[in-house]
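A.B. asks: Supplied in structure tokens, the structure appears directly below.
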Amino acid sequence: MTDVHTDGNGVAGLLGELLAMEVTALQRRCHSCGAENPLAAHRAYHGAGVVLRCPACADVALRIGVRDDALVVEWRGTFTGQRPR
Amino acid sequence: MGRLIPHRIAWRVATVREVVVESPRARTLVLEVPDWPGHRAGQHVDVRLTAEDGYQAQRSYSIASAPELDTLELTVELVDDGEVSPYLVQELRAGDVFEVRGPVGGHFSWAVADGGPLLLVGGGSGLVPLMSMLRHRGARASAVEAHVLASARSEQDALYRDELQGLEPRAGLSVAWTFTRTPPPGWSGYARRVDAAMLADVAPGPGERPLIFVCGPTPFVEAVADLLVDAGHDPRSIHAERFGPTGG
């Protein structure tokens, strides 16, 4: 199968509505390889749901899917953001 | 580190005020969206269409207009066999309505206050969010250095070509086109896919620490980003936005 993907920018609308914040600039440290990348730079694979993968090691970073009529979002790794106090 | 920006977004009804022909396959939809919160250049919106039987289809489209404008403009290119773009490009008329959610995407965005120099590389309709940045630069009469490389299959497919030619302020602005399939007759410019030599011609050197925005189909973006990293640019300075192949 060819490697068909987009990137984390595409889930910004859904996550933005759920969390009431801008998510694409969140910095994620991969639990698997330690690479740090903004959410926007993660690879997005679209199927029944959406899976974001680390651009360095391809391990799963975020899963968005539907389970029993509920929208389920699963986060993996450390996500960091900051704002002025 | 990512800036935390509180950001309430919801689905809003957009009314089409005007449909502008940009190319045989692309239209700009001029929209009126009540209570639109404003956007940063480079951001996109999600568009949702609902059929009479309740079936919904949703896609993301980049905002083409400057934040300074009263209306919201999206430029949409037709994707053959797509589910949403054929309706937006071929069916939509002034007065029609659909839903938009946004603006979204803070990573791929730029404002004059962020400075430069800018390197903007667009493939096909990947030029759309970059155009918003250039229109914003123009609206603010900013002399931030901006280097644009636009790739299109042919002259016919090229978006905003006349506007780019006349864009102000001229100082600090350079625009280069490459036509990858059918260059115009007598064309003496680039007529090949973006490569290292082309980027070396067009782009500021890594030492100038440009802010880089690359948008286009996934293979285009990955090829350009790899070339830029190979040329010594800091990967963290490269902001990328990929589109396709999710069915247009």
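A.B. asks: Can you give me the number of residues within region B:35-53 that are buried (at least 23 other Cβ atoms within 10 Å of the Cβ) and small (G, A, S)?
C.D. replies: 2
A.B. asks: For residues in region B:54-83 being among the aliphatic types (A, V, I, L, M) and within 23 Å of B:P34 (Cα to Cα), which is farthest from the chain's Cα centre (by Cα)? Explain how you work it out, then say what you get.
C.D. replies: Taking region B:54-83 and keeping what is among the aliphatic types (A, V, I, L, M), we get B:57, B:63-64, B:66, B:69, B:72, B:74, B:76, B:78-79.
Now restrict to residues that are within 23 Å of B:P34 (Cα to Cα): B:57, B:63-64, B:66, B:69, B:72, B:74, B:76.
Working: B:A57: 22, B:I63: 7, B:A64: 6, B:A66: 11, B:L69: 16, B:L72: 14, B:L74: 9, B:V76: 10 Å.
Top of the filtered list is B:A57.
A.B. asks: Can you confirm whether B:V128 is in a loop (DSSP other than H, G, I, E, B), crowded, with 17+ Cβ neighbours inside 10 Å and in contact with a Leu (Cβ under 9 Å, 6 or more places away or on another chain)?
C.D. replies: Values: in a loop (DSSP other than H, G, I, E, B): no; crowded, with 17+ Cβ neighbours inside 10 Å: yes; in contact with a Leu (Cβ under 9 Å, 6 or more places away or on another chain): yes.
In short, no.
A.B. asks: Something else about it: Just one of B:E83, B:E68, B:E99, B:E91 is surrounded by fewer than 23 Cβ atoms within 10 Å (Cβ to Cβ), within 21 Å of A:G16 (Cα to Cα) and not β-branched (V, I, T); which is it? Reasoning before the result, please.
C.D. replies: Numbers: B:E83 fails: within 21 Å of A:G16 (Cα to Cα); B:E68 fails: within 21 Å of A:G16 (Cα to Cα); B:E91 fails: within 21 Å of A:G16 (Cα to Cα).
Matching residue, one of B:E83, B:E68, B:E99, B:E91: B:E99.
A.B. asks: Among all residue pairs at least 6 apart or on different chains, which show Cβ distances below 6 Å where the first residue, located in region A:7-32, is at the interface with chain B (Cβ under 9 Å from one of its Cβ atoms) and in contact (Cβ under 8 Å) with a residue 40 or more places away in the chain and the second is among the basic types (K, R) and part of a helix (DSSP H, G or I)?
C.D. replies: Filtered contacts from region A:7-32: no entries.
A.B. asks: How many residues, within region B:189-199, are part of a loop (DSSP other than H, G, I, E, B) and touching a strand residue (DSSP E or B) at 6+ places or on another chain (Cβ under 8 Å)?
C.D. replies: Looking only at region B:189-199, we keep the residues that are part of a loop (DSSP other than H, G, I, E, B), and these are B:189, B:191-195.
Next cut, touching a strand residue (DSSP E or B) at 6+ places or on another chain (Cβ under 8 Å) only: B:189, B:191-194.
Summing the residues that are part of a loop (DSSP other than H, G, I, E, B) and touching a strand residue (DSSP E or B) at 6+ places or on another chain (Cβ under 8 Å) in region B:189-199 gives 5.
A.B. asks: Same structure, new question: Just give me the residues in region B:7-36 being among the aromatic types (F, W, Y) and within 14 Å of chain A (Cβ to nearest Cβ), in sequence order. I'd like the intermediate steps shown before the answer.
C.D. replies: Applying the first criterion (among the aromatic types (F, W, Y)) to region B:7-36 yields B:11, B:36.
Listed by number, the list holds a single entry, B:W11.
A.B. asks: Working only within region B:158-188, note down all residues that are assigned to a loop (DSSP other than H, G, I, E, B), closer than 14 Å to B:G123 by Cα and in contact with a helix residue (DSSP H, G or I) (Cβ under 7 Å, 6 or more places away or on another chain). Working first, answer last.
C.D. replies: Initial filter on region B:158-188 (assigned to a loop (DSSP other than H, G, I, E, B)): B:158-160, B:167-172, B:183-188.
Adding the requirement that they be closer than 14 Å to B:G123 by Cα leaves B:158-160.
Within region B:158-188, B:L159, B:Y160 qualify.
A.B. asks: Starting from residues that are assigned to a loop (DSSP other than H, G, I, E, B) and within 14 Å of another protein chain (Cβ to nearest Cβ), keep the ones in region B:222-248 and report whichever is nearest to B:V76 (Cα to Cα). Can you show your working first?
C.D. replies: The initial filter retains those residues of region B:222-248 that are assigned to a loop (DSSP other than H, G, I, E, B), namely B:231-234, B:244-248.
So of that shortlist, the ones also within 14 Å of another protein chain (Cβ to nearest Cβ) come out as B:234, B:244-248.
Numbers: B:D234: 31, B:G244: 13, B:P245: 15, B:T246: 15, B:G247: 13, B:G248: 9 Å.
Filtering first and then ranking leaves B:G248.
A.B. asks: Which numbered condition in (1) touching a strand residue (DSSP E or B) at 6+ places or on another chain (Cβ under 6 Å); (2) exposed (fewer than 14 other Cβ atoms within 10 Å of the Cβ); (3) not hydroxyl-bearing (S, T, Y) is the only one that B:Q165 fails?
C.D. replies: Among (1) touching a strand residue (DSSP E or B) at 6+ places or on another chain (Cβ under 6 Å); (2) exposed (fewer than 14 other Cβ atoms within 10 Å of the Cβ); (3) not hydroxyl-bearing (S, T, Y), B:Q165 violates only (1).
A.B. asks: Take the residues in region A:40-61 that are touching a Leu at 6+ places or on another chain (Cβ under 8 Å) and farther than 24 Å from B:G42 by Cα, then tell me which one is nearest to the other protein chains (Cβ to nearest Cβ).
C.D. replies: Filtering region A:40-61 for residues that are touching a Leu at 6+ places or on another chain (Cβ under 8 Å) and farther than 24 Å from B:G42 by Cα, the one nearest to the other protein chains (Cβ to nearest Cβ) comes out as A:A61.
A.B. asks: Tell me, please, whether a residue that is among the small types (G, A, S), facing chain B (nearest Cβ under 10 Å) and within 20 Å of B:G106 (Cα to Cα) can be found in region A:63-83. Explain how you work it out, then say what you get.
C.D. replies: Kept after step one, since they are among the small types (G, A, S), are these residues of region A:63-83: A:65, A:70, A:77, A:81.
Then keep just the ones that are facing chain B (nearest Cβ under 10 Å); that gives A:81.
Subsequent filtering for residues that are within 20 Å of B:G106 (Cα to Cα) retains A:81.
For region A:63-83, residues among the small types (G, A, S), facing chain B (nearest Cβ under 10 Å) and within 20 Å of B:G106 (Cα to Cα): present.
A.B. asks: Among (1) within 13 Å of chain A (Cβ to nearest Cβ); (2) more than 16 Å from the chain's Cα centre (by Cα); (3) closer than 19 Å to B:A158 by Cβ, which single condition is B:P219 missing?
C.D. replies: Single failed check for B:P219: (3).
This table checks each residue for (1) at pLDDT 95 or above; (2) of a type in the set (S, T, Y); (3) over 25 Å from B:R27 (Cα atoms); (4) not assigned by TED's automatic domain parsing to the domain that holds B:A141.
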site	(1), (2), (3), (4)
B:S154	yes, yes, no, no
B:M198	yes, no, yes, no
B:R209	yes, no, yes, no
B:I212	yes, no, yes, no
B:C215	yes, no, no, no
B:F220	yes, no, no, no
B:A231	yes, no, yes, no
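A.B. asks: Name every residue in region B:50-78 that is under 19 Å from B:G105 (Cα atoms) and aromatic (F, W, Y), in order of residue number.
C.D. replies: Correct list: B:Y61 only.
A.B. asks: Quickly run through region B:12-34 and pick out the residues that are buried (at least 17 other Cβ atoms within 10 Å of the Cβ) and hydroxyl-bearing (S, T, Y).
C.D. replies: B:S23, B:T28 - these are the residues of region B:12-34 that are buried (at least 17 other Cβ atoms within 10 Å of the Cβ) and hydroxyl-bearing (S, T, Y).
The values are calculated or read from the model by the stated rules, or taken from the named source; none is laboratory data. Given the structure is predicted, the values throughout are model-derived calculations rather than measurements. Backbone-built Cβ (ideal geometry, glycine too); neighbour counts: all protein chains shown.
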